[in-house]
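The values are calculated or read from the model by the stated rules, or taken from the named source; none is laboratory data. In this text, all values refer to a predicted model and were calculated from it rather than measured experimentally. Reconstructed Cβ throughout: ideal geometry from the backbone, glycine too, with neighbour counts over all protein chains shown. Areas reflect the complete protein model, heavy atoms only, side chains present, ligands, DNA and RNA absent. Shrake-Rupley method; radii C 1.70, N 1.55, O 1.52, S 1.80 Å.
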Amino acid sequence: MKPTPARTTTVKGPPEPLRPQRLLAEAARDARRLTPASGLGLDTPAMQRRMVERLRQDGVHCEPVLQAMLAVPRHHFVDSALAAQAYEDTSLPIGLGQTISKPSVVARMMEWLFLGPNARRHGHLGKVLEIGTGCGYQAALLAQVARQVTSIERLQPLHDLARRQLARQSPSAPHIQLLYGDGMLGHPPRAPYDSIVSAAGGDDVPAAWLAQLAVGGRLVAPARSPDGRAQVLVVIDRTEQGFHRTVGEMVQFVPLKSGVC
């Protein structure tokens, strides 16, 4: 039996779009501009604590998300030349024209996942599907707050990079599964998922993702706005009756593409 058509709620957001994965040139310019914080060594949690306190001050209040940000060292997922900038709220290049997303945007999207019915009921994100593994940082964060993480990357070099990074960070985390494949198709063998999150945006949310979302589950992803003029963040909850879609603020993520490279 097919679910009823989605209901849509539009929420006004700020005039400036969020740019979690800005153009590579902009990320590189930021990396050159920012300087290391004096007196703080990267072998201590001091810089992570500063980052988390900034997130808290900026309105992120989900404690499991904040604790995950404290537990996973972001500088381990970027090039060593950029490690001193790892705890600034900026995107950084990771190769192939891609960037690691800003901590504030990663934290907010995870916090929104926690507001899904299943996550609120169980106190964790349950079974998670991540589209766009990148360097593996968000997968490592999700593993801190989920029972099972399936992450798909379409670029073979990034998939290999994430596998190496996560093997070093979480060698005994069998609940993380990294897949090289077409993220637009999702991963039916592990469906349904309580939480689905995407680091790339297309014209709309792929039907495969909706089909693999559990009842009580929540999906957070960028997609084209209803008027087609911009990219917006979309939150979709699946109920027994169908899908409820909330359209939020403007964002600027990398394009969602099919196939593998």
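Rolling a 1.4 Å probe over the protein heavy atoms of the range 151-223, with every protein chain left in place, gives an accessible area that is 57 percent carbon and sulfur. The magnitude of the dipole of the range 54-205, with charges of +1 and -1 set on the Cβ of Lys/Arg and Asp/Glu and taken from the Cα centre, is near 440 debye. Think of a 1.4 Å ball rolled over the protein heavy atoms: the range 140-261 then has 42 Å² of accessible area per residue. Report the paramagnetic label zone for Glu240: residues of the range 103-136 whose backbone N is under 20 Å from a point 7 Å from Cα along the Cα-to-Cβ axis. Residues 116-122 fall inside that zone.
Expected output is a single nm value to one decimal: the length gained when fully extending between Asp203 and Cys261, i.e. 0.36 nm times separation in residues minus the C-alpha distance. What is it? Intermediate values should be presented prior to the final figure.
Numbers: separation 58, 0.36 × 58 = 20.88 nm, distance 2.08 nm.
Extra length from Asp203 to Cys261 when fully extended: 18.8 nm.
Computed on the range 128-222, with alpha-carbon pairs under 8 angstrom and 6+ residues apart, the relative contact order is 31 percent. Computed over neighbours whose Cβ is under 13 Å from that of Ala214, the net charge equals +3, Lys and Arg +1, Asp and Glu -1.
Near Arg120, once Lys and Arg are set to +1 and Asp and Glu to -1 for all other residues with Cβ below 13 Å from its Cβ, the sum equals -1. For Gly216, the residues whose amide H sits under 5 Å from its own are Arg238, Thr239, ignoring neighbours fewer than 5 places away on the same chain, with H placed 1.01 Å from N. By a 1.4 Å probe calculation restricted to protein chains, Val105 has an accessible surface near 10 Å², given to the nearest 10.
Label sites at His175 and Ala211, each approximated as a point 7 angstrom past Cα along Cα to Cβ, lie 2.8 nm apart.
For the range 216-261, applying the loop criterion from DSSP together with a ceiling of 13 other beta carbons within 10 Å to the trypsin sites (Lys or Arg not before Pro) yields Arg229.
Once you wrap a convex hull around the alpha carbon atoms of the range 131-231, what is its projected area averaged over all directions, in nm²?
6.6 nm²
Each Lys or Arg adds one and each Asp or Glu takes one away; over the other residues whose Cβ falls under 11 Å from the Cβ of Gly202, this sums to 0. The charge dipole of the range 183-261, taken about the Cα centre with unit charges on the Cβ atoms of Lys, Arg (+1) and Asp, Glu (-1), comes to about 160 debye, rounded to the nearest 20.
For the range 139-211, the Cβ-based charge dipole about the Cα centre amounts to some 400 debye (Lys, Arg positive; Asp, Glu negative; other atoms uncharged). Say R0 is 35 Å: what FRET efficiency, to the nearest 0.05, do Arg190 and Asp227 get from their beta-carbon distance? Approximately 0.50, to the nearest 0.05.
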